[in-house]
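The values are calculated or read from the model by the stated rules, or taken from the named source; none is laboratory data. These figures come from a predicted structure and were not determined experimentally. Don't worry about glycine lacking a Cβ; one is built from the backbone with ideal geometry, like all the others, and counts go over all protein chains shown. Areas reflect the complete protein model, heavy atoms only, side chains present, ligands, DNA and RNA absent. Shrake-Rupley method; radii C 1.70, N 1.55, O 1.52, S 1.80 Å.
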Amino acid sequence: MRPHHLSQSVKSAANDAGFDWCGICPAVEPAGLNRFYQWIEAGYHGEMQYLESRRDAYSHPSGVMNSAKSIVMLAINYGNESPVSVRGGQGRVSRYAWGSVDYHDLIHDRLRQMQSFLCDNVMGLTSRGVVDTAPLMEREFAVLAGLGWQGKNTMLLNKQAGSWFFLAALLIDEVLEYDAPHNTSHCGTCRACLDACPTNAFVAPYVLDARRCISYLTIELDGPVPLHLRESMGDWVFGCDICQDVCPWNNKAARSSVDAFRPSEDMNPLDLCGLFQLSDEDFRKRFRKTPLWRPRRRGILRNAAIVLGNQGNPASVSALTLGLHDIEPLVRGSSAWALGRIGNCQHLLSAQLEKESDSMVRDEIGQALIPFVDRDDD
């Protein structure tokens with residue numbers, strides 16, 4: 001099949017599979033490879049060691065599929081209604097996780113549908129579908145395939161969808177007809193995303209220090225959130241949309257037509273106090289098929305404790321007391337910090353300190369008790 005006709009077949013298959021946008025580019029070294037290496041060398045990737053360990057694989061799509069000649073870049077819109085206001089005891093979840101499914105599962109199903117069509121209609125074609133887990137610089141290739149431009153907050157921007165969309169890629173071992181790259185940025189002098197970040201995670205336009213990003217802190221970070229960043233997390237219990245919420249290109253972004261991305265009533269926002277009553281098995285049953293499974297129970301409860309501490313509502317003390325006695329040290333430590341922020345909880349903290357054996361938790365309790373000790377001295 002000629003490249004033009006094969007490309008048309010690919011785009012038709014993408015449309016039939018439910019992708020909103022499709023662009024095609026050659027499988028070449030990504031234009032931003034050196035910037036990626038510099039970002040790694042600066043340590044901005046934090047604990048995401050998989051990025052550093054696979055850095056050589058990012059140098060060319062052959063690191064994902066040895067025979068790749070073309071990349072079909074795909075996008076699916078998850079844009080939805082505005083977030084509901086958060087009340088005490090509730091936390092904000094990033095929009096992409098509001099739905100009833102893990103987007104990886106849904107997109108992989110659609111990629112397999114495309115692959116099945118191509119396998120049936122193109123003799124000998126080999127392909128591999130990936131969704132943000134393979135060593136592929138998806139945003140660089142999406143720009144090369146004409147799907148949009150990279151904004152100052154590092155997100156890919158599209159005039160119709162803003163940045164509320166997932167990217168996926170289908171690597172193919174055939175030469176296709178390629179789309180024109182999107183070489184123009186439409187951000188201009190706007191710096192709304194940079195100025196809105198409460199943790200100052202943007203070192204410069206287009207450069208994110210993930211170690212300060214709320215999404216990284218609530219999802220990727222395995223241990224305690226650094227003390228100086230906890231207050232800036234605000235109400236965010238999973239992810240963060242601030243730099244996208246303020247982007248002018250998202251003001252009129254189209255809503256998704258995918259029912260599975262529509263918000264579950266218990267996710268926009270999320271009740272936090274009830275989370276502390278969930279066992280590992282309960283947590284698995286509730287969140288196993290959603291993005292909230294990634295940080296596991298211990299990570300979500302760590303985040304929930306920090307949000308409750310930021311809100312300072314005495315009604316949260318009962319839930320945080322459960323957290324203070326949790327089996328996970330990470331949860332106990334964050335709950336101690338939160339109880340210290342709420343106040344009038346020194347008896348709970350002191351009692352736990354007497355029996356606490358984990359040094360990290362003991363340090364957290366000690367720090368939480370300092371204001372009470374200073375008050376007694378006065």
Exercise. Which ³J(HN,Hα) values in Hz, rounded to whole numbers, follow from the phi angles of region 149-166 under the Karplus curve 6.51 cos²θ - 1.76 cosθ + 1.60, where θ = phi - 60° and Gly and Pro get x?
Worked result: 10, 8, x, 5, 8, 6, 6, 7, 10, 10, 4, 8, 10, x, 10, 7, 7, 8
Problem set entry | Gyration tensor verdict on region 28-148 (Cα atoms; rounded if a/c is under 1.5, prolate if a/b is larger than b/c, oblate otherwise) | oblate
Exercise. Relative to the longest principal Cα axis of the chain, at what angle does helix 103-121 sit, 0 to 90 degrees, rounded to 10?
Worked result: 10
Exercise. Using Cα atoms only, what is the angle between the long axis of helix 359-377 and the major principal axis of the chain, expressed in degrees (0 to 90) to the nearest 10?
Worked result: 50
Problem set entry | Lysine pairs with alpha-carbon atoms under 23 Å apart, the chain, spacing 8 or more or separate chains | 4
For this session: Kindly state, to the nearest 0.05, the FRET efficiency for Ser357 paired with Glu231, given R0 = 25 Å and r defined as their beta-carbon distance.
Result: 0.30
Exercise. How many percent of the accessible area of the chain is carbon or sulfur, using a 1.4 Å probe?
Worked result: 47
Exercise. Can you run phi through the Karplus equation (6.51, -1.76, 1.60; θ = phi - 60°) for region 280-296 and list ³J(HN,Hα) in whole Hz, with x for Gly and Pro?
Worked result: 4, 5, 4, 5, 4, 4, 7, 10, 4, 9, 10, x, 5, 6, 4, x, 6
Problem set entry | Radius ratio Rg over Rh of region 214-366, counting only Cα atoms, Kirkwood formula for Rh | 1.01
Exercise. For region 185-277, what class follows from the C-alpha gyration tensor (a ≥ b ≥ c being the square roots of its eigenvalues): rounded when a/c is under 1.5, otherwise prolate if a/b is larger than b/c, else oblate?
Worked result: oblate
For this session: For the chain, state the average projected area of the convex hull of the C-alpha atoms over all orientations, rounded to one decimal in nm².
Result: 20.2
Seminar exercise, completed: For the Asp271, Ala42 Cβ pair and Förster radius 41 Å, calculated FRET efficiency rounded to 0.05 is 0.60
For this session: In whole angstrom, note down how far apart the Cα centers of region 279-317 and region 343-359 are.
Result: 21
Seminar exercise, completed: Amide H neighbours of Asn80 at under 5 Å, excluding residues fewer than 5 places away on the same chain, with H built from the backbone geometry, are Ser256
For this session: Stick to the Cα atoms of region 13-71, pair each with every other, and give me the Kirkwood hydrodynamic radius in Å at one decimal.
Result: 13.4
For this session: Find the centroid of the Cα atoms in region 320-340 and in region 1-44, then give the distance between the two in whole Å.
Result: 44
Seminar exercise, completed: Descending packing, highest mean Cβ count within 10 Å first, for 38-50, 59-71 is 59-71, 38-50
Problem set entry | the chain: Cys lacking any partner C-beta under 4.7 angstrom | Cys22, Cys25, Cys119, Cys187, Cys190, Cys197, Cys213, Cys240, Cys247, Cys273, Cys345
Exercise. Counting every Cα pair in region 212-258, what percent are over 17 Å apart?
Worked result: 44
